[in-house]
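The values are calculated or read from the model by the stated rules, or taken from the named source; none is laboratory data. Owing to the predicted nature of the structure, the values given are computational and were not obtained by experimental measurement. Cβ placement follows ideal geometry from the backbone for every residue including glycine, while neighbour counts extend to all protein chains displayed.
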Amino acid sequence: ATVDADGTVKAVKYGQATIIATTVDGGFTAVCQVNVDFATAIEKILSESLVYSRNGQIIIEPAAPVEISIINLGGQVIYNNSISSTVQVPANSGIYIVRMAAAGKATTTKVIVR
């Protein structure tokens, strides 16, 4: 977890973090245990992954390892694989659905290739 200047705590990855806050004059200290559950961590990974098209390719930049399926409007799967780094999948002009999944959670994105 991270804490910004306003004291907002944000989940970074699955696990536990101990947050210690101390007043500027050092007179008071508070301790808080933060638990980031696995589902929250997976949702963060899926929301931070990028999917877009460029130059006849569908480009996927995962924030962490994910399962990817790319399906054209005819229902044909043109790509299906586990990835942990950026992939570029050649695709004809058209509309595609990209499904990203990790640990039972999934998200879909529509991509237009020109």
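For segment 1-51, the set of residues classified as over 14 Å from residue 102 (Cα atoms), modelled with pLDDT under 80, of a type in the set (Val, Ile, Thr) and not in a strand (DSSP E or B) consists of 12 only.
Answer yes if at least one residue in segment 40-54 is on the phi > 0 side of the Ramachandran plot and under 19 Å from the mean Cα position of the chain (by Cα), and no otherwise.
Just the residues of segment 40-54 that are on the phi > 0 side of the Ramachandran plot, to begin with: none.
No, there is no match, as no residue in segment 40-54 is on the phi > 0 side of the Ramachandran plot and under 19 Å from the mean Cα position of the chain (by Cα).
Contact map, segment 49-77: first residue more than 13 Å from residue 107 (Cα to Cα), second residue of a type in the set (D, E, K, R) and part of a strand (DSSP E or B), Cβ cut-off under 8 Å, separation 6 or more or different chains; pairs are 71/99.
So, residue 68, is that one aliphatic (A, V, I, L, M), within 15 Å of residue 113 (Cα to Cα) and modelled with pLDDT of 95 or more or not?
Values: aliphatic (A, V, I, L, M): yes; within 15 Å of residue 113 (Cα to Cα): no; modelled with pLDDT of 95 or more: yes.
No: the conditions fail for residue 68.
The set of residues from segment 90-106 being part of a strand (DSSP E or B), surrounded by fewer than 17 Cβ atoms within 10 Å (Cβ to Cβ) and either small (Gly, Ala, Ser) or touching a Leu at 6+ places or on another chain (Cβ under 9 Å) (or both) comprises 94, 95, 97, 101, 105, 106.
For segment 53-84, the set of residues classified as touching an Asp or Glu at 6+ places or on another chain (Cβ under 7 Å) and surrounded by 14 or more Cβ atoms within 10 Å (Cβ to Cβ) consists of 63 only.
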